[in-house]
Amino acid sequence: MIQILNKEDCCGCLACVQICPKNCIDLKEDNEGFLYPLVDAAKCIQCSLCEKVCPVINQGDERKPIEVLAAKNKNEKIRLESSSGGIFTLMAEEILNRKGVVFGARFDSEWGVIHSYTDSSEGLAAFRGSKYLQSYIGNSFKEAKVFLEEGREVLFSGTPCQIDGLKKYLRKDYVNLHTVDFVCHGVPSPKVWKIYLAKISKNKVDTVKRINFRSKNKGWKLFSLDIEFQEDGNMISETLNNNPFFKIFLRDYILRPSCYKCPSKCLKGGSDVTIADYWGIDAIYPQFDDDKGVSLVMINSEKGKSIIRPDLVSFIESNYDDAFKGNPSIEKSVRIPKNRDVFWTYLSHNRDIIKLIRQITKTSFKKQIIKFLRKVKRKLYR
């Protein structure tokens, strides 16, 4: 049976949970808000399927794309609503035109992120745009398999480790399966997101009307987190450099432990297409950059090439080296911050997440640690 002794050894893809024939694997949330599998040994029949489908235990081979593009969806409305160049929507629409099914990540009723599917173009809007949380995959692998066995084409999008988990869960290649992942920096804690959202909504999360992690109101390169409220129509709109949640996310304090040692880097997840923002496009192909979003598209298989219609895309043929310069996360995991544990200790004592993040990002962590330890000592000796 699968046993998670070190948290860095579980990427949270839930392939093990979905493959178990006895349904004896439950999920347990840790103090950071991440889910981990927990096996009921009394029900386990020692089939080892959970270990066989684990992308951490069974890592794939490193790959390089067969083609690299800088691309923009010709539909300007879709591009504006997308995180970068709107290429995911273009691929999804192609699958829907073939009477297929598209799986992606969307917000739930409490503004967490879950995986689901749609077979209509109206349902694509919920999948469009980045959500800086790891989606709860649920039974999506099982659902995708049902559609595949029925002969329907499926486009499954997700993080590299989710795609890796899906392909290992299926345990065979399906000609009607198309997979797309993205260049992943790492997935932040859903617990921190919930605390942050509760704070800014004054514990009235149900009053949140709309969330856009990648608003282009101030431009693509200086994107904003926009949160709109129902009651008064007010909206928070803060750029990535000013928003507290983005600050702590991009400083790597709240990532899932496996992200510091990602098992699916170097395209090992096996996706047909990998997409990302083409960061650095202004220096490489300045004539192609209008600050409205350009996608990096790495085509990893012939199957991936088949779902991108060139007549609907403006593109420039690029190369891997240029793509890697702006997106080193293709190959490299981020480093664990030296004081990551201290942040989580802080959070357990201080629920004012915005104040905490601003203090940490404003002054050196060393000074903050000294102040924090003094406060703890005073409380202990009172």
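Summary table below
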| item | result |
| --- | --- |
| Residues (open to solvent by 70 Å² or more (accessible area, probe 1.4 Å) and not in a helix (DSSP H, G or I)) located in region 64-113 | K64, I66, K74, N75, R98, K99, R106, S109, E110 |
| Scope region 31-58; condition open to solvent by less than 90 Å² (accessible area, probe 1.4 Å) and either in contact with a Leu (Cβ under 9 Å, 6 or more places away or on another chain) or within 28 Å of E331 (Cβ to Cβ) (or both); matching residues | E32, G33, F34, L35, Y36, P37, E51, V53, C54, P55, V56, N58 |
| Filter result (open to solvent by 30 Å² or more (accessible area, probe 1.4 Å) and touching a residue at least 24 places away in the same chain (Cβ under 8 Å)) within region 133-146 | Q134, Y136, N139, K142, E143, K145 |
| S116 being surrounded by fewer than 23 Cβ atoms within 10 Å (Cβ to Cβ), of a type in the set (S, T, N, Q) and under 20 Å from F223 (Cβ atoms) | no |
| Selected residue (only one of E76, E67 is over 21 Å from the mean Cα position of the chain (by Cα) and closer than 25 Å to I211 by Cβ) | E76 |
| Strands (runs of 3 or more DSSP E) wholly inside region 134-228 containing at least 3 residues that are more than 30 Å from G60 (Cα to Cα) | 208-215 |
| Residue list for region 149-179, filter: among the aliphatic types (A, V, I, L, M) and open to solvent by 20 Å² or more (accessible area, probe 1.4 Å) | V175 |
| Pairs, first at negative phi in region 264-275, second in a strand (DSSP E or B) and open to solvent by 10 Å² or more (accessible area, probe 1.4 Å), C-beta under 6 Å, six or more apart | I275/F182 |
| Positions within region 307-338 being surrounded by fewer than 17 Cβ atoms within 10 Å (Cβ to Cβ) and either in contact with a Pro (Cβ under 6 Å, 6 or more places away or on another chain) or free of Cβ contacts under 8 Å to residues at least 40 places away in the same chain (or both), in sequence order | P310, D311, D321, P328, K338 |
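The values are calculated or read from the model by the stated rules, or taken from the named source; none is laboratory data. Remember, it's a predicted structure, so these values are computed and weren't measured experimentally. Using ideal geometry, Cβ is built from the backbone for each residue, glycine included, and neighbour counts are taken over all protein chains shown. Heads up: the accessible areas ignore ligands, DNA and RNA and are worked out on the full protein's heavy atoms, side chains in. Shrake-Rupley method; radii C 1.70, N 1.55, O 1.52, S 1.80 Å.
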